[in-house]
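The values are calculated or read from the model by the stated rules, or taken from the named source; none is laboratory data. Everything quoted here is computed from the prediction, not taken from an experiment. Because the Cβ atoms are built from the backbone with ideal geometry, glycine has one as well, and the counts that use them run over all protein chains shown.
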Amino acid sequence: MDTPTYDIAISGAGPAGSALALILASKTPHPERIALVGRRIIAAQTAASNQEAEMADPRTLALNHGSRILLEQLNAWPRDSADINVVHVSQRGRLGRALIDHAELGVPRLGSVVAYDALLTSLHHALAGSGVTLIEAAPTMQVVPGQVELNLGDRRIHSVLAVQSDGVRPQGVRREYQQHAVLATMRASRPRQGWAFERFTSQGPLALLPHPEGSDLYGIVWCCSPAQAATLSTMDDPNFEATLHHTFGDRLGRFQSMGKRHVFPLSLHAGPSLINARTIAIGNAAQTLHPVAGQGLNLGLRDAAQLGQALAQWLAKPGTDPSHQLEQFARNRRPDRWLTAGITDFLPRIFSTGNPLVEHACGAALLSLDLLPPLRNTLARQLLQGLRT
């Protein structure tokens with residue numbers, strides 16, 4: 001049997017996989033024995049000059065305070081971001097609202113919003129100087145005796161362990177929400193600096209996030225039925241602006257459309273972290289969540305941080321059996337993963353039942369959150385840092 005080429009091969013060069021590669025590189029004297037394999041790896045020498053050209057992905061990401069600390073420690077925090085200091089939660093047409101304020105939690109901010117491609121550029125720029133082996137390819141993998149084999153199309157590589165971070169759907173729990181997300185960037189006539197909004201409607205949640213490209217800009221994530229999403233995506237700008245104002249209210253004044261709208265279907269997919277004795281799943285390969293409360297990437301980054309911690313001792317002695325570390329990682333991550341998935345699954349469904357009694361109960365729950373700081377702060381800390389085990 002050939003000696004494995006790498007200690008760890010990470011399949012997927014998105015944010016979670018890239019962060020994991022940087023974490024692992026800091027824990028080994030031989031970072032070149034960590035391979036990051038992905039379809040799109042931005043070269044450091046072109047990252048700065050081509051940043052605007054690379055900004056093709058329409059998503060903005062709400063990263064909580066814990067995720068920001070991790071990325072800053074990895075020297076991978078993007079140049080442009082917009083802080084979230086207060087989150088305003090409400091329900092359209094019903095009483096009850098809740099405010100979550102960073103000051104109550106003793107943190108400098110609840111989180112920050114970054115552009116997806118700006119984050120990816122920063123991560124890949126940091127990777128270029130990390131010593132990690134970067135391979136641009138779309139791999140498939142299989143376990144062979146004593147190692148994992150990755151087929152890169154024109155060649156094959158081997159590793160002791162493999163991590164799947166994106167590119168495949170988790171196998172296990174699945175739910176189709178019958179909702180699509182309409183993404184847009186809007187300018188508000190009366191912006192509120194540092195405020196983010198989550199407004200539940202009968203068809204799904206509507207989020208307005210401060211935008212990293214301007215203090216009066218907001219990233220819109222409007223979850224609704226596929227039929228409504230199709231209508232919203234094809235409206236002319238004045239009608240879309242008026243419909244958004246009617247749904248959201250007057251808190252930010254009038255809206256002006258800035259650029260194109262994009263539509264994505266929404267579903268839940270979640271499966272085990274431990275795929276087999278030599279393969280671990282993290283990030284989107286372990287769970288893809290509804291975007292309510294912006295928990296998907298935050299959960300994936302917690303996966304990466306804890307996997308890096310779990311493998312630190314093994315990386316110092318890679319010839320030993322890593323099965324105990326992998327099993328312990330999967331066991332320790334289970335409570336946080338399933339609690340976060342449960343929250344993001346429950347909220348968009350309970351607020352969109354269309355049942356008036358349920359809607360009034362949801363309004364009462366928001367009022368309770370607003371009146372009872374311990375209850376509110378418990379939920380906020382889960383969204384801020386996850387369930388610690």
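If we scan the range 289-299, do we find a residue that is without any contact (Cβ under 8 Å) to a residue 60 or more places away in the chain and closer than 22 Å to Q179 by Cβ? Scanning the range 289-299, I find at least one residue that is without any contact (Cβ under 8 Å) to a residue 60 or more places away in the chain and closer than 22 Å to Q179 by Cβ, so the answer is yes. In a residue-by-residue description of the range 320-327, the property of being touching a strand residue (DSSP E or B) at 6+ places or on another chain (Cβ under 9 Å), buried (at least 23 other Cβ atoms within 10 Å of the Cβ), in contact (Cβ under 8 Å) with a residue 12 or more places away in the chain and more than 19 Å from L24 (Cβ to Cβ) applies to no position.
Would you call Q313 in a helix (DSSP H, G or I) and over 30 Å from A207 (Cβ atoms)? Yes, satisfied. As a summary of the residue check, R94 satisfies the conditions (1) surrounded by 17 or more Cβ atoms within 10 Å (Cβ to Cβ); (2) outside any loop (DSSP other than H, G, I, E, B) except for the one numbered (2). Kindly establish whether R254 is basic (K, R) and surrounded by 16 or more Cβ atoms within 10 Å (Cβ to Cβ). Spelling it out, it is not the case that R254 is basic (K, R) and surrounded by 16 or more Cβ atoms within 10 Å (Cβ to Cβ).
Summed over the range 133-167, the residues that are part of a loop (DSSP other than H, G, I, E, B) and either closer than 30 Å to G219 by Cα or touching a Ser or Thr at 6+ places or on another chain (Cβ under 7 Å) (or both) give a count of 4. Contact map, the range 51-70: residues that are among the aliphatic types (A, V, I, L, M) and modelled with pLDDT of 90 or more paired with residues that are surrounded by fewer than 20 Cβ atoms within 10 Å (Cβ to Cβ) and not in a helix (DSSP H, G or I), Cβ distance under 8 Å, separation 6+ or inter-chain. No pairs are found. Out of the residues in the range 80-91 meeting the condition of being surrounded by 18 or more Cβ atoms within 10 Å (Cβ to Cβ) and in contact with a Pro (Cβ under 9 Å, 6 or more places away or on another chain), tell me which one is nearest to A293 (Cα to Cα). Step by step, filter the range 80-91, then rank; the result is I84.
For A76, indicate whether it is assigned to a loop (DSSP other than H, G, I, E, B), within 22 Å of the chain's Cα centre (by Cα), at pLDDT 95 or above and aliphatic (A, V, I, L, M). For A76, the condition - assigned to a loop (DSSP other than H, G, I, E, B), within 22 Å of the chain's Cα centre (by Cα), at pLDDT 95 or above and aliphatic (A, V, I, L, M) - is met.
When R175 is tested against (1) in contact with a helix residue (DSSP H, G or I) (Cβ under 8 Å, 6 or more places away or on another chain); (2) in a strand (DSSP E or B); (3) buried (at least 21 other Cβ atoms within 10 Å of the Cβ), exactly one condition is not met: (3).
All of R333, R349, R381, R337 fail the test of being among the charged types (D, E, K, R) and touching an Asp or Glu at 6+ places or on another chain (Cβ under 7 Å), apart from R333. Just one of the numbered conditions (1) more than 17 Å from the chain's Cα centre (by Cα); (2) on the phi > 0 side of the Ramachandran plot is not true of G283; which one? Here G283 clears every test but (1).
Is the range 113-132 home to any residue that is assigned to a strand (DSSP E or B) and of a type in the set (D, E)? Among the residues of the range 113-132, not one is assigned to a strand (DSSP E or B) and of a type in the set (D, E), which makes the answer no.
Checking V263 against (1) surrounded by fewer than 22 Cβ atoms within 10 Å (Cβ to Cβ); (2) in contact (Cβ under 8 Å) with a residue 40 or more places away in the chain; (3) not in a strand (DSSP E or B), only one condition comes out false. Which one? In the conditions (1) surrounded by fewer than 22 Cβ atoms within 10 Å (Cβ to Cβ); (2) in contact (Cβ under 8 Å) with a residue 40 or more places away in the chain; (3) not in a strand (DSSP E or B), V263 misses (3) alone.
For every residue, the table says whether it meets (1) among the small types (G, A, S); (2) without any contact (Cβ under 8 Å) to a residue 24 or more places away in the chain; (3) in a helix (DSSP H, G or I).
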site	(1), (2), (3)
F197	no, no, no
L206	no, no, no
L217	no, no, no
A229	yes, no, yes
S233	yes, no, yes
L244	no, no, yes
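Taken together, the residues in the range 114-145 that are closer than 17 Å to I8 by Cα and touching a residue at least 60 places away in the same chain (Cβ under 8 Å) amount to 14.
Just one of the listed residues (L307, L274, L347, L339) is hydrophobic (A, V, I, L, M, F, W, C), at pLDDT 95 or above and surrounded by fewer than 23 Cβ atoms within 10 Å (Cβ to Cβ), and it is L274. I'm trying to understand the selection: among the residues of the range 335-353, which are β-branched (V, I, T) and over 22 Å from I282 (Cα atoms)? Answer for the range 335-353, where residues must be β-branched (V, I, T) and over 22 Å from I282 (Cα atoms): I350, T353.
Scanning the range 250-277 for residues that are over 26 Å from the mean Cα position of the chain (by Cα) and within 27 Å of L289 (Cα to Cα) yields one hit, A277.
Among (1) at pLDDT below 95; (2) touching a strand residue (DSSP E or B) at 6+ places or on another chain (Cβ under 8 Å), there is one condition D154 misses while meeting the rest; what is its number? Going through the list (1) at pLDDT below 95; (2) touching a strand residue (DSSP E or B) at 6+ places or on another chain (Cβ under 8 Å), D154 breaks only (2).
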